[in-house]
1. What are the ³J(HN,Hα) couplings of segment 91-104, residue after residue, when phi is run through the Karplus curve with 6.51, -1.76, 1.60 and θ = phi - 60°? Round to Hz, x for glycine and proline.
2. Can you list the residues, at least 5 places off or on another chain, whose amide H is less than 5 Å from the amide H of residue 64, using H built in the peptide plane?
3. Suppose R0 equals 45 Å. What FRET efficiency, 1/(1 + (r/R0)^6) with r the Cβ-Cβ distance, do residue 118 and residue 38 give to the nearest 0.05?
4. Please give the per residue accessible area of segment 43-95, computed with a probe of 1.4 Å over protein heavy atoms only, in Å².
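The values are calculated or read from the model by the stated rules, or taken from the named source; none is laboratory data. Computed from a prediction, not measured in an experiment: that's the story for all the values here. Heads up, the Cβs are rebuilt from the backbone with ideal geometry, glycines too, and the neighbour counts pull from every protein chain shown. Only protein heavy atoms, including side chains, enter the accessible area calculation; ligands, DNA and RNA are left aside. Shrake-Rupley method; radii C 1.70, N 1.55, O 1.52, S 1.80 Å.
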Amino acid sequence: MGLFRKGAEETKINDETKGESGIKRELRKESNMAEEKASILTQDVEIKGTIKFSNAMKIDGKFEGDMLTEEGELFVGKTGSVKANVKVKNAVIEGRMDGNVTATEKVELKEKAHLVGDLKARTLVIEEGVVFVGNCNVNPDGFKTENPNLKEWKKEPKKGTE
C-alpha cells in the first residue's frame with residue numbers, strides 16, 4: 001500500500017486498484033489546495049470586509065462580506081462560517097455558507113455542509129447529508145445568458161387567451 005500525506009490527515013491508497021502514476025495524479029488533483037500556499041483563517045478569527053486572493057483560502061473561522069478571486073480556490077472548513085457573495089474558480093464547502101456562490105469551474109458540497117444562497121458553477125458535487133437552500137445553475141459548457149428554446153416557448157400564445 002502507498003501512503004500519501006493529505007493536509008493534516010494521512011490517506012492510504014490500495015495500489016492494486018490503480019497504477020502508481022494514476023494514484024499520484026488523482027491525489028494531486030484532490031489535494032491541490034493542500035499543496036498550494038494557502039491563506040488560512042483559523043477558528044478564532046472573525047473578519048468583516050472584502051477579501052481578494054489569488055491562490056487558496058481556507059476559512060475555519062468567521063467571515064462576512066465579499067470574496068473575490070479569478071484563479072483562486074476557497075475551502076470552508078467544518079468550523080467555518082461565511083456570510084458572503086463569493087466569486088471563485090473552485091470551492092469546497094464543509095461548513096456553513098450564507099450567500100451566493102459563483103465558481104468558474106467546480107463546487108463541492110461536503111457531507112455536513114450548509115449552503116443558503118444561489119449557486120452557479122460549471123461542475124457541482126453534492127455529498128449525502130448536505131443542506132442546500134437556493135437556486136442552482138450548473139452548466140458544463142459555461143454560463144449562457146439566454147436559452148433559444150425558452151424564447152420559442154414564450155412566443156407561443158396560450159390557448160383561449162386570444
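1. Per residue, the Karplus-derived 3J(HN,Hα) values read 9, 10, 10, 10, x, 10, 9, 10, x, 8, 10, 10, 10, 6 Hz.
2. Under 5 Å from the amide H of residue 64 lie the amide H atoms of 47, 48, 49, 83, each far enough along the sequence or on another chain.
3. Values: r = 26 Å, r/R0 = 0.58.
Efficiency, from the Cβ-Cβ distance: 0.95.
4. Solvent-accessible surface per residue comes out at 51 Å².
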